[in-house]
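Here's the structure we're looking at; comments come further down.
The values are calculated or read from the model by the stated rules, or taken from the named source; none is laboratory data. It should be emphasised that the depicted structure is a prediction, and the values quoted were computed from it without experimental measurement. Backbone-built Cβ (ideal geometry, glycine too); neighbour counts: all protein chains shown.
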Amino acid sequence: MRKKHFYFIVVFLILIAVIAILGTVPNKYFEIAGGGAGDVNYSLSGSDVSASDVGIPPNDSSTESESAEPTSSANDTKKTTKPTKAPKGKLAYLTFDDGPSENTFAILDILDEYNIKATFFVIGKEKMGKQYKEIVKRGHAIALHTYSHSYKKIYKSEAAFYKDLEKIRTLVKKETGVDTKIFRFPGGSSNTISKKYSKGLMKKLIASSAKKGYIYHDWNVDSGDGGATNLKKEKLLSNIKRDCKGRDVIDVLMHDSGKTKQTTVEALRDIIDYLKSEGYKFLPIDEGSEPVRHKLRK
Ligand SMILES: [Zn+2]
């Protein structure tokens, strides 16, 4: 009997020791693997509100500016496939359109400071091979925005659009090795400028692009830098604050287009600081990203 008691006490002491050791091991070793921000699947539904909701004027002007287009809203119905460890939500896709430009390196340096990855929707700039390469080298997403960005040219017909889109796809592939089918329509999918050149074209392009395996992304937060030359940096930030309200997943429209968008570079740290303070995490767009999309406007 004594022996039995002795063994019992030994086992009991070992158990206590094990429990004590486990208690001191950092919790992370017991967390379920995976479940980083990249594993979250967000789904946006009803992602449309008319332009008047954000005070953006009607846009039948022929200016080649994305800000002439409406900002759509998202109701942010959010789904997570891994509810255990997925962050409770706030996700920001920073997007830079119309580059590369003489601002590309400055933008990349700021993103590096914060260790943030963004998405560059690029156009055809034959002499900026270095910039295309650097975007990819530093871990950002490179995506397509047509080669010419000329509304007159690209929105003439479906064939004209794809010819131009394929041209930038080929250039990006040549310069970076990345063959992407992610793109953004110049002016957004809700643009009404295209109807000047071909009525009903956007509807056709939306359908045919999906058939061809292309994925388009619009935006739901507009810095406003597309509509004006060097908008004050305070204004860029306040536009972003306005559009972020109530949204967990944001796709922020900014421009990488040289001297006329210099204030975008100047405002970028403030923009990132603000979004961080609001709890957003930053990701580049990839093929698994749920696209923010506008409502088609006739
Ligand atoms: Zn653009």
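Per-structure values
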| quantity | calculated |
| --- | --- |
| Check on E158, surrounded by 20 or more Cβ atoms within 10 Å (Cβ to Cβ), away from the ligand (no atom under 15 Å from the Cβ), over 18 Å from the mean Cα position of the chain (by Cα) and on the phi < 0 side of the Ramachandran plot | no |
| All positions within the range 274-298 that are within 17 Å of the chain's Cα centre (by Cα) and part of a helix (DSSP H, G or I) | Y274, L275, K276 |
| Members of the range 116-170 found to be small (G, A, S) and closer than 28 Å to S198 by Cα, listed by number | G124, A143, S148, S150, S157, A159, A160 |
| Qualifying residue in the range 180-193 (condition: more than 22 Å from the chain's Cα centre (by Cα) and within 16 Å of the ligand (Cβ to nearest atom)) | yes |
| From D243, D251, residue being acidic (D, E), in a helix (DSSP H, G or I) and either in contact (Cβ under 8 Å) with a residue 60 or more places away in the chain or surrounded by 22 or more Cβ atoms within 10 Å (Cβ to Cβ) (or both) | D243 |
| I116 at pLDDT 95 or above, touching a Phe, Trp or Tyr at 6+ places or on another chain (Cβ under 6 Å), of a type in the set (A, V, I, L, M) and more than 24 Å from L283 (Cα to Cα) | no |
| Index of the failed condition, Y147 passing every other in (1) farther than 30 Å from L268 by Cβ; (2) hydroxyl-bearing (S, T, Y); (3) within 16 Å of the ligand (Cβ to nearest atom) | (1) |
